[in-house]
Amino acid sequence: MTQFTAVTSLVPSSSAAEAVLPLASEGGAHDSLNAYAIGGGALAGLLLLLWITTRLNRDR
């Protein structure tokens with residue numbers, strides 16, 4: 001409860017603090033998101049864009 005009192009002193013309305021506190025306290029990473037899969041997908045996408053760019057940028 002000490003965190004709640006600190007939040008209410010920072011927020012002008014106590015009802016706003018009561019609405020925000022449960023959302024802020026849940027936090028954490030989502031189990032469904034895998035950082036390696038996201039990073040690997042981003043790397044694959046960037047490499048694909050690089051390959052397309054180099055194929056279209058031929059000297060004439």
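Since every read-out is calculated from the coordinates, none of them should be taken as a lab result. This structure is a prediction, so every number in the text was calculated from the model and none was measured.
Segment Ala35..Ser14, full-extension length gain: 3.9 nm, with 0.36 nm per residue of separation and the alpha-carbon distance subtracted.
3J(HN,Hα) along segment 36-53: 5, 5, 5, x, x, x, 5, 5, 4, x, 5, 5, 5, 5, 5, 5, 4, 4 Hz, from the Karplus curve 6.51 cos²θ - 1.76 cosθ + 1.60 with θ = phi - 60°, whole Hz, x for Gly and Pro.
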